[in-house]
Amino acid sequence: MKFSKRSNQFGEGIFSKLLEIKNQKLADGEPIIDLSVGTPNIPPADHIIHAMCSAASDKNSYIYSISDLSELLEAVSLWYKNRYQVDLDPKTEVCSLLGTQEGFAYLSMTIVDEGDLVLVPDPCYPVFADGPRMAGAEIYYMPQKKENNYIVNLNDIPEEIARKAKFIIVSYPNNPTTSVAPDSFYNELIAFAKKYDIIVLHDNAYSELVFDNKVCGSFLSYSGAKDVGVEFNSLSKTYGLAGARVGFCVGNKDVVSRLKIFKSNLDYGMFLPIQKAAIAAISGDQSCVAETRNAYEKRRDILCDGFNRIGWEMKKPEATMFVWASIPPHYEKSIDFAMDMIKKAGVIVTPGSAFGPSGEGHVRIALVQDEEDIKKAIDAVDKSQILKK
Ligand SMILES: Cc1ncc(COP(=O)(O)O)c(C=O)c1O
């Protein structure tokens, strides 16, 4: 059999390797606390499940939906108006996605040709680089450095690179670094995109998981944003709908329309009960969002306070469902520390190197277990002695 060169670029990845060790440990009857993959364990609110179930029990729901219900597009437009003070034309500026993950691959295929250049933050959520790579693009990594609060510095991008680039991906609040960008960053980004004719793709997966009574908005609320790009928004974390696969691409109508046409050749639309659940989520009572945020904030406090107490220094993140922690100084590589965490403490975290070259020296800890399990993880790490030289 012969396979494409493109497919050679994609290995099984670190998560499969960690899963293999996890399964072995579980088979040996050893306890494991998994803080690696960002799969939320907070279920959707009852009214969202109810909307899904009631649509699922309707025999007419099993047709191809082909396109988004106008009710859904209007709900997204209203959600953006109420939550982010952004005006969106439901007909031309909103497109649903079967999870925003697929959007990165599809949008890449609509924008780049083989060999085109794409600007990607480093470290980053893996599909930011893999999506463009699937479309044949070359990646230029923009480091997110600690000294710049883990925000991309657009001034560091060489002129010839900026001229060549077709699109730029940015995402704040950020996974994995948890950083939040100031207003000045978005204004500079829009000016940069206009100057070099680059399409902006902002991923806003974590705007609702911002702690300590702070609030984050939308890239599209900045003046001129819609002229240069789009925003992805996901219901996975905000409403506990990760497995339902529902997200949106909103903003510039030329980009949205290309994406819609491309997608119409691949999928036949989102399952109608999921569209109904999405409508219930974004139009219904929003107290579930605050409850989810509070749950992650409490977990964050327990985890960071606990690890700091036993000698692993880490800063509390301002946002997201992750903690981005430096590895103890007696380790050189994040993969070695992550392996010791799982083998000696039974706690799974993700090595920072899995998120790109600048991720080395860190691990990402996902706040995806209940408070009791987080406390158990802290005890297990303490007992394992791996924080001591
Ligand atoms: C930054 C970021 N974007 C997108 C996603 C994926 O969202 P979805 O479930 O909508 O594909 C994640 C999931 O972890 C994420 O961290």
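Read-outs throughout are calculated quantities, based only on the coordinates presented, and are distinct from any laboratory measurement. What you see is a predicted model; the values in this text were computed from it and never measured. Cβ: placed from backbone, ideal geometry, glycine included. Neighbour counts: every protein chain shown.
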- Query: So if we plug the beta-carbon distance of GLU159 and LYS388 into 1/(1 + (r/R0)^6) with R0 = 56 Å, what FRET efficiency do we get, rounded to 0.05?
  - Reply: 0.70
- Message: Under the rule of at least 5 residues apart or a separate chain, name every residue whose amide H is placed under 5 Å from the amide H of SER36.
- Response: ALA366
- Taking a cut-off of 17 Å between Cα atoms, list the lysines near LYS298, but don't count ones fewer than 8 places away on the same chain. LYS214, LYS237, LYS315, LYS316, LYS375, LYS376
- Cross-link partners of LYS164 among lysines (Cα-Cα below 29 Å; sequence separation of 8 or more within a chain): LYS5, LYS145, LYS146, LYS194, LYS195, LYS226, LYS253, LYS260, LYS263
- Message: Charges at C-beta only: +1 for Lys and Arg, -1 for Asp and Glu. How large is the resulting dipole of region 46-283 about its Cα centre, in Debye rounded to 20?
- Response: 300 debye
- Message: Please report the antiparallel percentage of the DSSP beta bridges confined to region 193-267, to the nearest 5.
- Response: 55 percent
- Query: For the chain, what is the relative contact order in percent, using Cα pairs closer than 8 Å and at least 6 residues apart in sequence?
  - Reply: 24 percent
- Using only helices, what value at 222 nm comes out for the chain when you add -39,500 (n - 2.57) per DSSP H run of length 4 or more and divide by the total residues, to the nearest 500 deg cm²/dmol? -12500 deg cm²/dmol
- Note on the structure: The farthest towards the positive end of the charge dipole of region 46-283, of the residues VAL94, ASN175, GLY269, given +1 on Cβ of Lys and Arg and -1 on Cβ of Asp and Glu, is GLY269
- Message: Among DSSP bridges having both ends in the chain, what percentage is antiparallel? Round to the nearest 5.
- Response: 50 percent
- Long-range amide H partners of ASP203 with built H, under 5 Å: VAL170, SER171, TYR172, PHE232
- Query: Using a Gaussian network model of the chain with C-alpha springs under 10 Å, which one of GLY217, GLY311, GLY247 is most mobile by mean-square fluctuation?
  - Reply: GLY311
- Query: Which GluC sites (Glu not before Pro) from region 75-171 combine a DSSP loop assignment with at most 10 other Cβ atoms within 10 Å?
  - Reply: GLU114
- Item | 5 angstrom amide H check on GLU138, placed H, neighbours 5+ away | GLY115, ASP116, LEU117, VAL118
- Task: Write out the trypsin sites (Lys or Arg not before Pro) in region 161-241 meeting two conditions: DSSP loop, and at most 14 other Cβ atoms within 10 Å of their Cβ.
- Result: LYS214
- SER77 neighbourhood, Cβ < 10 Å, K/R = +1, D/E = -1, net charge -2
- Item | Rounded to 5, the percent of DSSP beta bridges in region 129-248 classed as antiparallel | 35 percent
- With the cut-off at 31 Å, report for region 46-283 the share of all Cα pairs above it, as a whole percent. 20 percent
- Query: Nearest 20 debye, what's the magnitude of the dipole of region 5-68 about its Cα centre given +1 on Lys and Arg Cβ and -1 on Asp and Glu Cβ?
  - Reply: 340 debye
- Task: Compare the Cα positions of PHE128, TYR150, VAL215 along the charge dipole of region 46-283 (+1 at Cβ of Lys, Arg; -1 at Cβ of Asp, Glu; about the Cα centre) and return the one farthest towards the positive end.
- Result: VAL215
- Exposure proxy order (Cβ contacts within 10 Å, fewest to most) of TRP324, TRP312: TRP312, TRP324
- J(HN,Hα) series, region 144-150, from Karplus relation 6.51 cos²θ - 1.76 cosθ + 1.60, nearest Hz, glycine and proline x: 9, 9, 4, 5, 10, 6, 6
